[in-house]
Amino acid sequence: MIRIWAGSLTSSLLAVAVVLLVSIAPARALVEIDINRGTIEPLPIAVTDFISADGLGAQISQVITENLRRSGLFAPIERTAFIEQVSNPDAVPRFQDWRVINAQALVTGRVTEEGGGRLRAEFRLWDTFAGEQMTGEQFFTNKENWRRVAHIISDAIFERLTGEKGYFDTRIVFVAESGPRDNRVKRLAIMDQDGANVRYLTRGGDIVLTPRFSPSRQEITYMDFAGGEPKVYLLQLETGQREHVGDFPGMTFSPRFSPDGQKVVMSLQQPDGNANIYAMDLRSRNTTRLTNSPSIDTSPSYSPDGQRIVFESDRGGRQQLYVMSANGGDATRISFGNGSYSTPVWSPRGDLIAFTKMSGGQFSIGVMRPDGSGERILTTGFHNEGPTWAPNGRYLMFFRQDAGAGGPQLYTIDLTGRNERRVPVEGFASDPAWSPLLE
Amino acid sequence: MGLNQIRPAGVLMAVVLTALAITGCANNRNLPNNPADLGLGAGAGATPGSQQDFTVNVGDRIFFDTDSSVVRSDAQVILARQAQWLNQYPNFQVTIEGHADERGTREYNLALGARRAAATKAFLVSRGVNGARIKTISYGKERPVATCDDISCWSQNRRAVTVLGGAGS
């Protein structure tokens, strides 16, 4: 059992109390972003430093600004261009000052320490051209949660202006890599989606791979080489308690939770060296065999309704994507382009499947519809692998290793393929998995 | 767990020799399969039946084609020597480590390494080695021995290594 880090996650997950702020002016918004249009012009937005007794207000504004910038949907305006210096966030801003610098939306706010480590954070979002408040909320939480409050405010702004769910108040579990390439040290790690607050979950003594979040509990499933017996494990994030999933005669790998969190689907190595897919019910511990073929069947991923599973198989000669019932049985091949396809992941919206494609010596990240139509490649290069979906189904994270680079790095890309950004993580990182929106 | 950790203590010499062989590989297009190419002489000084004897004189590893677990004819020669040696020294248990190059995806490469280890084991068993003496493990693409980003390295990483697990009682 590993007990490296527990407790601090629990405290950072403390509920953040939310209160709606009464509008200072009536809301009749003109500004919004239609993110379903083909080409999106990022919306110019001004995020002012939140008023605070110390530097915390500016730090919160900075986190919000970077979140909005990285989404590709917003163009935060440099603070040096601001004309009005907001000093009272309860007063109506001078909209003309913001219209002059083309700020279509304006964010103001304040953070106040209330004693006992308690923090009050308020923000208002303004439509500068309509001259109205679009939304306003205040939050009470522990001071150490200030970064989470910044993510929650970012989500509120994103949702109000795009009409879509946000994705900033989320975490990434991934494999942090260090040491020489022929003897890499791999540690499970968890961080905020923007690369902040990295914490390590394992010590690095054993190879660990492919962590995945539970959709319903503070738990991950991953593969660990502990004791020279590579197999699938569950790790409780709050207690650090670890157990292996089932007792199988061969290597188990490539685990993933079902959408209700009650099952883990994974590959089991067969005595002849092939691999088939099994699902294990975590309550009854019953195991169901889902594929039975003399091939490598792996990377299973459930549809969000839990009815189907997409996986990769080389049963036809090369790795291709197949869809079958969640109960197993006949599988239908869905990938037919040039090259091989691997690591399929069903979007949380259900409309797309993301994958790694290998073709012409290049590794790409792409998406296709669940029936295999509409394939689109989002990014191509020497080595891109392992996409994972943001909970709103609009962004993917994956890892990339450039030729001659020392190791892999994490990147995000949106569904247009035009907004690609490196996730700032120190050192090397691979196998990212995006959490659901935090509760 | 590091690869060396599953070797028993007291075999430092063999570990050092393996490390030498690995260093040697990283710069060559084709991994040398005979002791002379390793610059170690003809294995002179290796006690027959020792780990050094196995690594240097027999050859502890074979190589595979891209995305293949077929035991090539050059590999069959080495595995035949391994089988003969293991039959001659029946007290050794072995672990066959299957590996893939880095030009594949992680999950598939774990399976591919397992397939290569299984094919290697099947060959040794077909040459009379008791299957109960042989464990297999796949490292997928996690433990390359050669770390450049072209085929000269990838071809060295698509391998199965027979690691002596120490003499049984």
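The values are calculated or read from the model by the stated rules, or taken from the named source; none is laboratory data. These numbers were taken from a predicted model, which means no experiment stands behind them. Note: ideal-geometry Cβ built from the backbone for every residue, glycine included; neighbour counts use all protein chains shown. Just so you know, the surface numbers come from the protein's heavy atoms only, side chains and all, with ligands and any DNA or RNA stripped out. Shrake-Rupley method; radii C 1.70, N 1.55, O 1.52, S 1.80 Å.
Structural remarks
- Lys, Arg +1 and Asp, Glu -1 on Cβ, resulting dipole of the protein assembly as shown about Cα centre, debye, nearest 20: 1400 debye
- Candidates A:Ser373, A:Ser258, A:Ser267, ranked by Gaussian network fluctuation over chain A, Cα under 10 Å, top entry: A:Ser373
- The spacing between the range A:124-196 and the range B:107-140, judged by their C-alpha centroids, is 46 Å.
- In this simple spin-label model, placing a label point 7 Å from the Cα along the Cα-to-Cβ direction at both B:Ala80 and A:Ser87 gives a separation of 9.3 nm.
- Taking a ≥ b ≥ c as the square roots of the eigenvalues of the Cα gyration tensor, an a/c ratio of 1.5 or more together with a/b no larger than b/c marks the range A:330-439 as oblate.
- Rel. contact order, % - alpha carbon contacts under 8 angstrom, at least six apart, chain A: 11 percent
- On Cα atoms only, tilt of A:146-162 relative to the major axis of chain A in degrees: 90 degrees
- Judged by the gyration tensor of its Cα atoms, with axes a ≥ b ≥ c, the range A:114-169 is oblate; a/c meets the 1.5 cut and b/c is at least as large as a/b.
- Within a straight-line Cα-Cα reach of under 22 Å, B:Lys141 can be paired with the following lysines, leaving aside sequence neighbours fewer than 8 residues apart in one chain: A:Lys186, A:Lys231, A:Lys357, B:Lys121.
- Unit charges at the beta carbon, dipole of chain A: most positive-side option, A:Pro44, A:Gln218, A:Phe248: A:Phe248
- Å² of accessible area per residue within chain A, as computed with a 1.4 Å probe and no ligands counted: 38 Å²
- Size of charge dipole - the range A:228-282 - debye, nearest 20, with Cβ of Lys, Arg +1 and Asp, Glu -1, no other charges: 120 debye
- Given a 1.4 Å probe and the protein chains as shown, A:Arg376 ends up with an accessible area of around 100 Å².
- Chain B and chain A together bury an accessible surface of about 3000 square angstrom, both sides counted, with a 1.4 Å probe and no ligands or nucleic acids included.
- Between 0 and 90 degrees, the angle of helix A:56-70 with respect to the longest Cα principal axis of chain A falls at about 60 degrees.
- R0 of 25 Å, Cβ-Cβ distance A:Glu426-A:Lys143: FRET efficiency to nearest 0.05: 0.50
- The range A:263-313: C-alpha gyration tensor shape, a/c 1.5 cut-off, then a/b vs b/c: oblate
- Projected-area mean, the range B:58-127, by convex hull of Cα positions, square nanometres: 4.6 nm²
- Long-range HN-HN contacts of A:Ala275 with modeled amide H, under 5 Å: A:Gln270, A:Ser295, A:Ile296, A:Asp297
- Of A:Arg256, A:Arg285, A:Arg110, the one that fluctuates the most in a GNM where chain A has Cα springs shorter than 10 Å: A:Arg285
- Among A:Val425, A:Val100, A:Val208, residue whose mean-square fluctuation peaks in a GNM of chain A (springs only between Cα atoms under 10 Å): A:Val100
- Bridgeable lysines around A:Lys165 (alpha carbons under 23 Å apart, same-chain partners fewer than 8 residues away excluded) are absent.
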